[in-house]
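Taken together, the values in this text are just the output of simple stated rules run on the coordinates, not laboratory data. Since the structure is predicted, the reported quantities are computational estimates derived from the model, not experimental observations. No Cβ is skipped: glycine too gets one built from the backbone with ideal geometry, and neighbour counts run over all protein chains shown.
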Amino acid sequence: MKVSIIRDVKTPTRGTPGSAGIDFYIPNSLKDIGVSGNCEVRSFSGNPYLAIAPHGDALIPSGVKVQVPEGWALIAFNKSGVAVKKGLSVGACVIDEDYQGEIHLHLTNRTQSEITLNAGDKITQFVLLPYSKEGITVVPLEELYETTSARGEGGFGSTGGK
């Protein structure tokens, strides 16, 4: 996958050779990055940081553009440590093959406290996944399924055992 770095930011990396996720980082310079949502750039002792309000969200420019290969999508996922330790979840997850703009990182603060992020923090991961381009055909309900599955119309928890 080809990438271009358009801001002062660390190039996306894989944590290990066996990592499926490609780690993305907060830009090194928070000045004028144009964040939006319930967040703001602040400074303490001359060091800028990003503050996300309790139950707020942030849309952070990543400084990265990608060329997603045809037939593939780049999907954002939580970094487990960030999700567990900081209480942040990733939203707005799909980067389509025909998107050519800067990737933005959408984060939601699930906690009752303000969360702070520093320039250069590893914050989210993306996985490059193939997808089907099969068309969508509307059919009558009686033609939708050829057979009834064991699960049928069972909803949440219907596959669990007792």
The farthest towards the positive end of the charge dipole of the chain, of the residues VAL139, SER36, CYS93, given +1 on Cβ of Lys and Arg and -1 on Cβ of Asp and Glu, is SER36
Would you list which lysines come within 25 Å of LYS86, measuring only between C-alpha atoms, while excluding same-chain residues fewer than 8 positions from it? LYS10, LYS31, LYS122
Report, in debye and to the nearest 20, how large the dipole of the stretch 1-82 comes out about its Cα centre when Lys and Arg carry +1 and Asp and Glu carry -1 on their Cβ. 200
Ordering 5-18, 55-68, 134-147 by per-residue average of other C-beta atoms within 10 angstrom, highest first, gives 55-68, 5-18, 134-147
Based on the Cβ-Cβ distance from ILE6 to VAL138, what FRET efficiency comes out when R0 is 30 Å, to the nearest 0.05? 0.10
For the chain, just run the numbers: alpha carbon Rg, then divide by 2.2 N^0.38 Å, N being how many residues it has. 1.30
Given a cut-off of under 8 Å on Cα pairs at least six residues apart, what relative contact order in percent is computed for the chain? 26
To the nearest Å, what is the center-to-center distance of the stretch 1-77 and the stretch 83-145, using C-alpha atoms only? 13
Quick one: putting +1 on the C-beta of Lys and Arg, -1 on the C-beta of Asp and Glu, what dipole do you get for the stretch 49-155 around its Cα centre, in Debye to the nearest 20? 780
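Can you tell me the length gained on complete extension of the stretch GLU146 to LEU129, counting 0.36 nm per residue apart and subtracting the Cα distance?
Length difference between fully extended and current span is 3.3 nm.
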